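The values are calculated or read from the model by the stated rules, or taken from the named source; none is laboratory data. Here the structure is a predicted model, which means the values were calculated and not measured. All Cβ positions, even for glycine, are placed from backbone atoms using ideal geometry, and neighbour counts span all protein chains on display.
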Amino acid sequence: MIEVKNITKIYRTGEVEFNALKDVSFTITDGEFVAIMGPSGSGKSTLMHILGALDSPTSGTYLLDGKDVSTLSDDELADIRRDKIGFVFQAFNLLPRTTVLRNVMLPLVYDGISQDKREARARIALASSGLNETHFHHLSNQISGGQIQRVAIARALVNNPSLILADEPTGNLDSKTGAIVIGTFQRLNKELGRTIILITHEQEIAEHADRILFIKDGELVEDRTTHQKRIAKIEL
């Protein structure tokens with residue numbers, strides 16, 4: 001699914017250059033659960049933006065499903081972000097005075113899909129994320145942090161993407177709730193076959209993935225499998 005070849009990203013401000021990524025290469029196959037781990041400022045978020053077709057490398061090649069992303073038009077990139085990639089962020093980014101169901105339906109509004117079909121797809125996505133149906137008509141500011149994050153996961157799933165990119169999805173959650181959210185990702189990976197890339201700075205969280213890529217000072221310093229993968233608790 002993903003092939004990164006010698007990716008470099010340089011930010012320039014006047015005469016000052018900052019090398020955020022330095023000659024990074026790796027592959028991720030369909031159905032893998034991979035954590036990208038590193039301290040703040042290591043370059044992991046820059047890498048996530050490139051993988052999500054939100055930014056372009058200064059040099060190197062990023063192939064997604066065999067296509068060189070740098071050759072695609074803005075419209076083609078928008079189609080990829082809409083159809084192939086689901087994004088989950090630390091800040092949730094839900095509309096606070098809107099119901100859970102409508103928050104998940106929102107990405108479908110501009111796709112020409114009828115109201116009934118939008119609602120049906122949103123319900124399927126919410127069920128897949130592990131949220132109890134009793135919460136579907138609650139406002140998003142009336143449910144817990146863990147439930148909000150699962151709504152955000154459902155919103156990422158509603159277009160049936162093959163790849164989910166999660167940027168510090170447990171960063172605003174306590175450890176118990178974070179474990180429940182990670183358990184949701186594990187189930188989506190194992191039972192539904194979603195490819196998941198999880199950005200984190202926490203070793204405890206990263207160990208729940210099948211594989212960990214360690215980024216430090218913009219370089220890939222280690223790529224290892226987690227032979228004794230931890231299974232997080234899932235509470236529906």
note = Flagged in the range 3-28 as under 30 Å from L192 (Cα atoms) and touching a residue at least 60 places away in the same chain (Cβ under 8 Å), in numbering order, are E3, V24, S25, F26, I28
request  = Could you list all residues from the range 112-125 that are over 23 Å from Q90 (Cα atoms) and either among the basic types (K, R) or in a loop (DSSP other than H, G, I, E, B) (or both)?
outcome  = G112, I113, S114, K117, R118, R121
inquiry  = With the requirement that a residue be under 21 Å from D83 (Cα atoms) and out of contact with any Ser or Thr (no Cβ under 7 Å at 6 or more places or on another chain), what does the range 195-204 give you?
reply    = I196, I197, L198
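The rows are residues; the columns are (1) modelled with pLDDT of 90 or more; (2) touching a His at 6+ places or on another chain (Cβ under 6 Å); (3) of a type outside the set (V, I, T).
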| site | (1), (2), (3) |
| --- | --- |
| I113 | no, no, no |
| R118 | yes, no, yes |
| S129 | no, no, yes |
| H137 | yes, no, yes |
| S140 | no, no, yes |
| A156 | yes, no, yes |
key: Checking A91 against (1) touching a residue at least 40 places away in the same chain (Cβ under 8 Å); (2) surrounded by 14 or more Cβ atoms within 10 Å (Cβ to Cβ), the condition it does not meet   = (2)
inquiry  = With the requirement that a residue be in contact with a helix residue (DSSP H, G or I) (Cβ under 7 Å, 6 or more places away or on another chain) and small (G, A, S), what does the range 32-51 give you?
reply    = A35, G38
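Table: residues versus (1) modelled with pLDDT of 90 or more; (2) closer than 20 Å to M1 by Cα; (3) not hydrophobic (A, V, I, L, M, F, W, C).
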{"residue": "T184", "(1), (2), (3)": "no, no, yes"}
{"residue": "K190", "(1), (2), (3)": "yes, yes, yes"}
{"residue": "L198", "(1), (2), (3)": "yes, yes, no"}
{"residue": "G218", "(1), (2), (3)": "yes, no, yes"}
{"residue": "V221", "(1), (2), (3)": "yes, no, no"}
{"residue": "H227", "(1), (2), (3)": "no, no, yes"}
task = Name the single residue, out of those in the range 24-59 being over 14 Å from D223 (Cβ atoms) and among the charged types (D, E, K, R), that is surrounded by the fewest Cβ atoms within 10 Å (Cβ to Cβ).
result = D30
